[in-house]
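The values are calculated or read from the model by the stated rules, or taken from the named source; none is laboratory data. Because the structure is a prediction, the values reported are computed rather than measured. When we count neighbours, we look across all protein chains shown, and the Cβ atoms used for this are built from the backbone with ideal geometry, even at glycine.
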């Protein structure tokens with residue numbers, strides 16, 4: 001009898017821990033194709049495995065605010081076939097530490113993972129919306145795939161990132177994209193990057209040096225303002241750089257020779 005009760009208790013625990021059936025999800029027809037959009041998660045599980053198919057139709061979107069504010073979920077597995085993660089989809093899921101994003105996802109909406117407890121994330125491709133991962137203060141590692149094409153405004157601002165590599169597929173870094181990432185030590189900018197927006201790395205106090213790719217054309221106003229450890233800047237001899245915005249390196253401890261060269265690109269150091 002005790003053995004049967006133990007088995008029953010384990011079974012109930014598994015139901016409470018994992019969400020794997022369509023019953024836990026409210027879906028609506030997708031506007032992105034012949035499939036469904038998860039409009040709301042109604043389950044109580046901590047570890048959520050989103051089904052690839054619900055009611056005989058493929059899941060292709062996670063809707064706006066579908067999981068927003070859920071304090072229980074700790075991990076989410078998104079199936080291959082999902083093409084879009086909507087705005088605020090997982091915003092303020094304060095216990096969410098892990099998410100698996102498949103290669104099929106072409107768009108991560110604005111504030112999709114804003115203020116979650118993620119510690120690391122891999123983004124294979126597509127566009128990353130404004131504030132998508134902002135205020136994820138425990139986020140230390142991000143891997144950006146070679147098919148990521150856009151990093152939006154404040155996408156990773158105020159996170160715990162220690163290093164980041166921008167792939168060659170990204171041509172423009174949005175305003176404030178990595179602003180106030182105070183633990184960020186290493187930045188690798190690949191050939192192909194053309195524009196660093198305003199305030200992009202402002203307040204990244206731990207950066208000591210940076211090498212710009214030869215393809216870089218413009219550095220926006222205040223782009224590295226408040227980078228109080230940034231002492232070494234390398235610009236290739238054959239550089240496409242044309243403009244450096246006002247106060248782009250304000251507060252950086254640059255030597256006179258570096259400042260003089262930056263001024264040749266129009267930089268104004270206050």
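A few points about this structure:
- Which listed residue is modelled with pLDDT of 95 or more, buried (at least 18 other Cβ atoms within 10 Å of the Cβ) and either touching a helix residue (DSSP H, G or I) at 6+ places or on another chain (Cβ under 8 Å) or under 26 Å from residue 129 (Cα atoms) (or both), from 173, 230: 173
- Checking residue 270 against (1) exposed (fewer than 14 other Cβ atoms within 10 Å of the Cβ); (2) modelled with pLDDT of 90 or more, the condition it does not meet: (2)
- Any hit, region 46-66, residues being closer than 27 Å to residue 166 by Cα, crowded, with 21+ Cβ neighbours inside 10 Å, without any contact (Cβ under 8 Å) to a residue 60 or more places away in the chain and touching a strand residue (DSSP E or B) at 6+ places or on another chain (Cβ under 6 Å): yes
- Hey, residue 216 over 21 Å from the mean Cα position of the chain (by Cα), part of a loop (DSSP other than H, G, I, E, B), modelled with pLDDT of 95 or more and closer than 21 Å to residue 144 by Cβ or not: yes
- Being assigned to a loop (DSSP other than H, G, I, E, B) and touching a residue at least 40 places away in the same chain (Cβ under 8 Å) holds for only one residue in 115, 168, 95, and it is 95.
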